[in-house]
Amino acid sequence: MDELAQVASIEPGIWGPELENYLNARGWTLGHFPQSFEFSTLGGWIATRSAGFASTKYGTIETMTLGLRMATPAGMIETQSAQENSVGPSLLQLLIGSEGALGVITRATMRIRALSKIANYRAMLFGTFADGVAAVRDIVQSDLAPATIQLLDEEDTRCFFAFRKQARGLQGLVETTESRMLSTLGKSIEQGALLILGFEGDAYTVKVTENHVLAICQDHGAFDLGARIAHAWFRDRFESPYLRDALMDHGVMMDTFETATTWGNLELGYQKLTHALSQAAQEVGARILVLTHLSQCRREGATLGVTFLAPITPHQEINHWEHIQRAAIECSIDHGGAIAPHSGVGYEYAFWLQQKLGALGYDTLLSLKKRLDPKNIMNPGKLFLPA
Ligand SMILES: Cc1cc2nc3c(=O)[nH]c(=O)nc-3n(C[C@H](O)[C@H](O)[C@H](O)COP(=O)(O)OP(=O)(O)OC[C@H]3O[C@@H](n4cnc5c(N)ncnc54)[C@H](O)[C@@H]3O)c2cc1C
């Protein structure tokens, strides 16, 4: 670790929690928390260009990674730091996101940050998802950087409240009063869109950011639900993936899909995606529940994360899942959205990568693959389609 420069060189097989525990004990953090945090590694994060839920403040993995060493079949590659090499295209960025198809990352030099002194959480309820999107756009375009911004659409909000453990005693009384108060104001958690905010840093920065962000939300008609609901969201943030297997045992398929797009494209893209999923489900005779949230918010746009649930037809599981998943990907591409931002290309999206990059773009990357891995032994079929 070079604490003066705030960088650390790390062997990338380390698991998320192990890495954070090591850094936290010394007063530092990487600040990278994908939902797969408990069971994923630094190498996997870099290889899939992943993004965590605190990326508004700490950045996505490609902005935290300052240097890499990679063992490829053609030899070792070590990128230079930005200080040593500020000219020409970035070799580093060609290796980030390469999903083990070019080589194995054996060391990563990462930007680290001082552990926050304060972490405040807040939940706001908007009348509609569209109101929340407008507020979030104003927040990120005002250069405010709450660590976490997660906006749930109306359906996702309804599910969040439905599945939340009911509070008892005094807490329960507070919740009942709160929901009465909401209905007096003509609002309801049954119809609104929930925004979860996390603020991290020193006391002064947190206070100033929080005040400013809450004022923007209120300008867009949001109702302040306080800290409690946001704490519950943070406490349970790694839990929903565990539902998948349990639901399958009960005859329900559950999967996720992500797309990223610009603010101007977002509202229509959201509607088209929801419609495409419902239509695809109808075509296979299933009813579908589509839950969407907005995250990874940037000045120019954001990521839409979709979770869909549909009943399983025995022996048709894979066909139906593929039909629904394909509808989501094609809709997203037609609408100018990114495919699978942050979750990797793997085998599943390799076909669409070619389409997205165009022939010349794809061939440019393929020539890198051929130079570094001439016998195609590194994750064949991932990222790059079989020849
Ligand atoms: C439940 C769930 C939730 C998720 N949530 C998120 C999320 O919030 N944000 C997000 O961005 N992604 C998410 N993902 C996707 C994925 O888990 C992450 O992208 C994660 O970074 C993968 O890390 P891993 O260590 O599990 O890698 P693996 O799944 O083991 O590997 C992923 C790819 O990277 C390659 N790889 C791994 N290590 C190296 C290395 N050292 N050198 C070269 N290649 C390597 C592998 O060969 C493979 O192709 C989620 C996945 C699941 C299953």
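Confirm whether Asn211 is closer than 30 Å to Asp334 by Cβ and out of contact with any helix residue (DSSP H, G or I) (no Cβ under 9 Å at 6 or more places or on another chain). Considered against the rule, which asks whether it is closer than 30 Å to Asp334 by Cβ and out of contact with any helix residue (DSSP H, G or I) (no Cβ under 9 Å at 6 or more places or on another chain), Asn211 comes out as no. Among residues belonging to segment 103-116 that are more than 8 Å from the ligand (Cβ to nearest atom) and over 21 Å from the mean Cα position of the chain (by Cα), point out the one that is surrounded by the most Cβ atoms within 10 Å (Cβ to Cβ). Once the filter is applied, the top-ranked residue is Ala108. Listed by position, the strands (runs of 3 or more DSSP E) inside segment 1-88 whose residues that are under 18 Å from the mean Cα position of the chain (by Cα) and of a type outside the set (Val, Ile, Thr) number at least 1 form an empty set. For first residues located in segment 21-42 and over 18 Å from Gly344 (Cα atoms), partners that are of a type in the set (S, T, N, Q) and surrounded by 12 or more Cβ atoms within 10 Å (Cβ to Cβ) and lie 6+ apart or on another chain with Cβ distances below 6 Å form the pairs Leu23/Thr29. Per the listing Leu365, Leu304, Leu360, the residue uniquely closer than 27 Å to Thr262 by Cα and either crowded, with 21+ Cβ neighbours inside 10 Å or within 13 Å of the ligand (Cβ to nearest atom) (or both) is Leu304.
Taking the criterion of being among the hydroxyl-bearing types (Ser, Thr, Tyr) and within 6 Å of the ligand (Cβ to nearest atom), the residues of segment 25-58 that qualify are Ser36, Ser40, Thr41, Thr48, Ser50.
Inside segment 340-387, residues that are within 28 Å of the chain's Cα centre (by Cα), basic (Lys, Arg) and over 21 Å from Gly305 (Cα atoms) make up a count of 2.
Filtered by the rule that a residue be assigned to a helix (DSSP H, G or I) and open to solvent by less than 20 Å² (accessible area, probe 1.4 Å), segment 179-208 gives Leu182, Val206.
Only one entry of Ala215, Ala246 meets the criterion of being more than 18 Å from the chain's Cα centre (by Cα), within 14 Å of the ligand (Cβ to nearest atom) and surrounded by fewer than 18 Cβ atoms within 10 Å (Cβ to Cβ), and that entry is Ala246. Entry remark, segment 59-76: residues being out of contact with any Leu (no Cβ under 8 Å at 6 or more places or on another chain), farther than 24 Å from Gln35 by Cβ and within 9 Å of the ligand (Cβ to nearest atom) number 1 in total. Where strands (runs of 3 or more DSSP E) fall entirely within segment 213-311, those with at least 2 residues that are more than 25 Å from Gln191 (Cβ to Cβ) are at 252-262, 301-311.
The values are calculated or read from the model by the stated rules, or taken from the named source; none is laboratory data. No experiment lies behind these values; they were computed from the predicted model shown. Every residue, glycine among them, receives a Cβ derived from its backbone with ideal geometry; neighbour counts consider all protein chains shown. Ligands, DNA and RNA are excluded from the accessible area calculation, which covers all protein heavy atoms including side chains. Shrake-Rupley method; radii C 1.70, N 1.55, O 1.52, S 1.80 Å.
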